[in-house]
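Following: one structure in structure tokens, then a few remarks.
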Amino acid sequence: MSAYKRITVSPVSGALGAEVSGVDLANLDDETFDELYRAWLAHQVIFLRDQSITPEQQVAFAERFGDIHYHPFMKGLDKHPEILEIVRQPGDSYTFGDVWHTDQMFTPTPAKATMLYALETPDAGGDTMFTNLYLGHDTLSEPMRDMLKNVKTWNSGNSPNRSDGRARLDRYGGNAQMSAKLKDPGNQITETAHPIIRTHPETGKKALYIGNHTQSLEGFADAEAKPLIDFLMSHATRPDFTCRFRWAPGSMAIWDNRCTQHLALADQITGQRRMHRITITGDKPV
Ligand SMILES: O=C(O)CCC(=O)C(=O)O
Ligand SMILES: [Fe+2]
């Protein structure tokens, strides 16, 4: 018997991710939302197709997940500051989110969820990949997990060692529409330590909480931390821990940043790609 009465849930890979049908975001009742939320916790990222919603409807849907998070470095739409519009054109040399990461890991309370709604998509290119950080944790050896038990990462929003050492303004130069949205974070905190093994507050499962914002490991010498971070990042993003989503206009992806990483593929796109993104505030990782 299916665990769901209103929705149909079809996994897209052996690792994580499921397409969910039977949901109309323009007309969503509480029972359907409860099933969708359960599917989201179980599959870590869910994908909806053929949705047609206004910015107001997207904001209302997002608020069912929690409070809206505002990106410290990026401006939202003038009329809808909750929504960050992500745009890429053929020929742009910068792709927003083009390295494996988990959203806003550099803040004390990183994003719980991110939802991306596709308005314009190229015929080919511009897919998004996701990886399962529960698997990243569970497949480490016992001695490695033991060693990491009390280790903390140090994460930065604006000096990623791991993006050629270039700060945001410099990196975003290859995409005029994204660099125009950059803003000064003011006095918001953009560097934070977090436990590298985190317990998901809703599922109780342990995840390997690491991403490209991770610069170092607290108390470790750089010569010790770098190879360890390199190993853990390549382990966490093993192809068999991932799934890949191909967008079409009206597609929506909602991912759980507490147990996944994602990456926007910086491949060739045949036409403009334009998405509406909202993030939800999360808890302090423990
Ligand atoms: O555009 C995408 O596919 C994802 C970009 C990203 O990293 C994000 O929206 O958090
Ligand atoms: Fe992201």
Among Leu140, Leu232, Leu48, whose mean-square fluctuation peaks in a Gaussian network model of the chain (Cα, cutoff 10 Å)? Leu140
Projected area averaged over orientations for the chain, convex hull of C-alpha atoms, nm²: 14.8 nm²
Whichever lysines have a C-alpha closer than 27 Å to that of Lys149, once near sequence neighbours (fewer than 8 apart) are set aside: Lys112, Lys205, Lys206, Lys226, Lys284
Over the chain, the sum of -39500 (n - 2.57) across DSSP H runs of at least four, divided by residue number and rounded to 500 deg cm²/dmol, gives at 222 nm -5500 deg cm²/dmol
For Lys79, give me every one of the aspartates and glutamates with a C-alpha distance below 13 angstrom, ignoring sequence neighbours fewer than eight places off in its own chain. Glu56
What is the distance in Å between the Cα centres of the stretch 243-286 and the stretch 58-114? 9 Å
How charged is the neighbourhood of Arg273? Take every other residue with its Cβ under 9 Å from the Cβ of Arg273, and add Lys/Arg as +1 and Asp/Glu as -1. +1
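With a/c under 1.5 counting as rounded, go ahead and sort the stretch 44-170 into rounded, prolate or oblate using the C-alpha gyration tensor (a ≥ b ≥ c being the square roots of the eigenvalues; past the cut-off, prolate if a/b is larger than b/c, else oblate).
Here the stretch 44-170 falls in the prolate category.
If you filter the stretch 120-220 for trypsin sites (Lys or Arg not before Pro), then keep DSSP loop positions with at most 14 other Cβ within 10 Å, what is left? It would help to have the intermediate numbers written out before the result.
Details: sites: Arg145, Lys149, Lys152, Arg162, Arg166, Arg168, Arg171, Lys181, Lys183, Arg198, Lys205, Lys206; in loops: Lys149, Arg166, Lys181, Lys183, Lys205.
Qualifying residues, ordered by number: Lys149, Arg166, Lys183.
Starting from the Cα gyration tensor of the stretch 167-257, take the square roots of the eigenvalues, sort them a ≥ b ≥ c, and report rounded, prolate or oblate (rounded when a/c is under 1.5, otherwise prolate if a/b is larger than b/c, else oblate). Kindly include the intermediate steps, with their values, before the conclusion.
Details: a/c = 1.63, a/b = 1.14, b/c = 1.43.
Judged from the Cα gyration tensor, the stretch 167-257 comes out oblate (a/c at least 1.5, b/c at or above a/b).
Hey, what's the chain come to in accessible area per residue, 1.4 Å probe, Å²?
Values: 12360 Å² over 286 residues.
Spelled out: the 1.4 Å probe surface of the chain, per residue, equals 43 Å².
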Report the trypsin sites (Lys or Arg not before Pro) located in the stretch 30-97 that are in a DSSP loop and have at most 11 other Cβ atoms inside 10 Å of their Cβ, or state none. Lys79
Within the chain, what whole-number % of the accessible surface is contributed by carbon and sulfur, with the 1.4 Å probe and all protein chains included in the calculation? 49 percent
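The values are calculated or read from the model by the stated rules, or taken from the named source; none is laboratory data. Note that the structure is a prediction, hence the values are computed from the model and not measured. Positions of Cβ are backbone-derived with ideal geometry, glycine not excepted, and every protein chain shown enters the neighbour counts. In case anyone asks, the SASA skips ligands and DNA or RNA and just uses the protein heavy atoms, side chains included. Shrake-Rupley method; radii C 1.70, N 1.55, O 1.52, S 1.80 Å.
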